[in-house]
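Visitor: Here it is, the structure, as structure tokens.
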Amino acid sequence: MRRTMVLARGATLLLMAVLSGCSTVPPWERGTLAKPVMSVDPPPQEQQQKLRTYSAKEGGAAATGVGGGGCGCN
Amino acid sequence: MTLKFARAALVALAAIGPAPVAWSLASGDNAPACSAQLLDGAHTVSLADYRGKVVYLDFWASWCAPCRESFPFMNELQGDLGDKGLQIVGVSVDKTAEEARRFLARYPAKFTIVLDTAGACPSAFRLEGMPSSYIIDRAGVVRAVHVGFRDSDRTELRRKVMEILNGGK
């Protein structure tokens, strides 16, 4: 019983510490977040280039997803 | 005992968790006071200056993609309905005047543009998204709130503006 209490208290404290780090950015202050470098795969040009190399290495168009069939004409 | 503690913990968690969403103004609310500096010109304009006119208050930014589509629409609206008492005011929430000017060079505006780098106006209106437009009637009451902009919104927005210009409820 006592141990559970201590555990619960510890867990709560941890949660508090973690959750207080969250904050909402108001919509009108999302200018920096809207920049291309902030995308999930930054930066877009490099990503595109990598994808190209990867496709070539894998020996087929659209090696990363659906695309042309196996006819080799793509 | 444990229950009491759990309850206290929950309350504490609710208090320090992610900030609660502040809901935007709704139709029927009085428009809050808001003043900002004209982008081209030194003087400050405030919303109250336009009392007696129907104000289409649009919050935009150079980094906001749908804003690009909304500018031609607002130009058209200002041109068509300006003499009926419509005043469109575009509030840029950009951090610098330079960013706003660069946007306007590509997407010119034929209506009043003000700059609010501090974000006082968008805070007062509690924006929920970008762009946001508020149609404020001649008495200073918000009569319509519109978040986002798509080409398909044009007809509905124009209809609302006309209705408010004609004094309909």
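FYI, it's all coordinate maths here, none of it is from the lab. The model shown is predicted, which means the values in this text are computed figures rather than measured ones. Because the Cβ atoms are built from the backbone with ideal geometry, glycine has one as well, and the counts that use them run over all protein chains shown.
Visitor: At what distance in angstrom do the alpha carbon centres of the range B:73-91 and the range B:112-126 lie from each other?
Guide: Each part reduced to its Cα centre gives a spacing of 19 Å.
Visitor: Further question on the same structure: Where does each of A:12, B:155 land when they are ranked from fewest to most other beta-carbon atoms within 10 angstrom?
Guide: Listed from fewest to most nearby Cβ atoms, that is B:155, A:12.
Visitor: Further question: Using the Karplus equation 6.51 cos²θ - 1.76 cosθ + 1.60 (θ = phi - 60°), what ³J(HN,Hα) coupling, rounded to whole Hz, does each residue of the range B:27-34 give in order, writing x for Gly and Pro?
Guide: Ordered by residue, 3J(HN,Hα) equals 4, x, 6, 6, 5, x, 5, 7 Hz.
Visitor: Along the range B:132-144, what does the Karplus equation 6.51 cos²θ - 1.76 cosθ + 1.60 (θ = phi - 60°) give for ³J(HN,Hα), rounded to whole Hz, x for Gly and Pro?
Guide: My calculation for the range B:132-144 gives 10, 10, 10, 9, 10, 7, 5, 8, x, 9, 5, 10, 7 Hz in order.
Visitor: In addition: How large is the dipole of chain B about the Cα centre if only Lys and Arg carry +1 and Asp and Glu carry -1, each at its Cβ, rounded to the nearest 20 debye?
Guide: With only Lys, Arg, Asp and Glu charged at Cβ, the dipole is about 420 debye.
Visitor: Mind checking the angle between helix B:65-81 and chain B's longest principal axis? C-alpha axes, 0 to 90 degrees, to the nearest 10.
Guide: 50
Visitor: Let me have the 222 nm mean residue ellipticity of chain B computed from DSSP H runs of 4+ only, each contributing -39500 (n - 2.57), with the sum over all residues rounded to the nearest 500.
Guide: Helix contribution divided over all residues of chain B: -11000 deg cm²/dmol.
Visitor: Let me ask something else. Residue by residue, what Karplus-based ³J(HN,Hα) values in Hz, rounded to whole numbers, does the range B:156-167 have, using 6.51, -1.76 and 1.60 with θ = phi - 60° and x for Gly and Pro?
Guide: 5, 5, 4, 4, 5, 4, 4, 4, 6, 5, 7, x
Visitor: Rounding to the nearest 10 and keeping the result within 0 to 90°, find how far the Cα-based axis of helix B:2-16 lies from the longest principal axis of chain B.
Guide: 20
Visitor: Can you sort B:116, B:83 by how many other beta carbons sit within 10 Å, fewest first?
Guide: The most exposed by this proxy come first: B:83, B:116.
Visitor: Could you work out how far helix B:97-106 tilts from the main Cα principal axis of chain B, as a 0 to 90 degree angle to the nearest 10?
Guide: Its long axis makes an angle of about 50 degrees.
Visitor: Still on this model: Going by amide H atoms built from the backbone, whose H comes under 5 Å of the H on residue B:132, apart from near neighbours?
Guide: B:59, B:148
Visitor: Given H placed 1.01 Å from N in the peptide plane, which residues other than close sequence neighbours of residue B:112 have an amide H under 5 Å from its amide H?
Guide: B:88, B:90
Visitor: Continuing with this model, one more query. Arrange A:23, B:132, B:62 by Cβ neighbour counts within 10 Å, fewest through most, would you?
Guide: Fewest-to-most Cβ neighbours within 10 Å comes out as A:23, B:62, B:132.
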